[in-house]
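Below is one structure, written out as structure tokens; the observations come after it.
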Amino acid sequence: MPDFEFRYLLLGALAIALLFAAFTDIRRRQIDNWLNAAIAASAPLYWWASLPSDQSLWSVVALQVGVAAVTLIILAVLFALRAMGGGDVKLLTALALWIDPTNFVTLLIWMALLGGVLTLVLGAWHVARRRKERLAVPYGVAISSAGLWVLASQLLPAVHSTALAGGAG
């Protein structure tokens, strides 16, 4: 297993990718395929870097790929119903490869809450400006924000405990 800090480097890269996804979704209402592919393709490095010593790599792989497959199936139905954009589906599926199932549920809850607030704010702005066209909500902002929230909740306690352990020695 690689050095503990390599895991944080990967999480930092994921955080940057999420910020970029949110930015491009605001700007162009699009999350690029190459970005989603890079997030998904780098997940195995994270699995390897964060593998507990008492756990098999294959059990982690099976769990994460299973959660991502279920996520893709459910979100593909929402995409077919025009309830979600394709980039949002791919981004959430890629994040399902990174985040353990318990924290992924937390991400989905935060995403729904943040997405609801974002939709209300943009809807009010849309009405205030008397727009007639269909409201386009950059939901990648809610997905990325929720992802960053979960990453911070995973990262910050570990950084704090590492700093305390380093200061004790």
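Return the residues of the range 29-39 that are farther than 19 Å from Gln154 by Cβ and part of a helix (DSSP H, G or I); say none if nothing qualifies.
Going residue by residue through the range 29-39, those that are farther than 19 Å from Gln154 by Cβ are 29-38.
If the condition is that a residue be farther than 19 Å from Gln154 by Cβ and part of a helix (DSSP H, G or I), then Asn33, Trp34, Leu35, Asn36, Ala37, Ala38 are the ones that fit.
Anything in the range 77-94 that is part of a helix (DSSP H, G or I) and either under 16 Å from the mean Cα position of the chain (by Cα) or within 16 Å of Ile31 (Cα to Cα) (or both)? List them, or say none. Result: Phe79, Gly86, Gly87, Asp88, Val89, Lys90, Leu91, Leu92, Thr93, Ala94.
For the range 48-82, a residue qualifies if it is modelled with pLDDT under 90, closer than 16 Å to Ala96 by Cβ and hydrophobic (A, V, I, L, M, F, W, C), and the qualifying residues are Val60, Val61. For the range 40-56, the criterion of being farther than 16 Å from Ile143 by Cβ, part of a helix (DSSP H, G or I), of a type in the set (Ser, Thr, Tyr) and in contact (Cβ under 8 Å) with a residue 24 or more places away in the chain is met by at least one residue.
Counting only residues that are modelled with pLDDT under 80, out of contact with any Leu (no Cβ under 8 Å at 6 or more places or on another chain) and not β-branched (Val, Ile, Thr), the range 135-161 holds 5 of them.
The values are calculated or read from the model by the stated rules, or taken from the named source; none is laboratory data. Only a predicted model underlies this, so the values are computations on that prediction, with no experimental measurement involved. Counting neighbours? That spans all protein chains shown, and the Cβs are built from the backbone with ideal geometry, glycine included.
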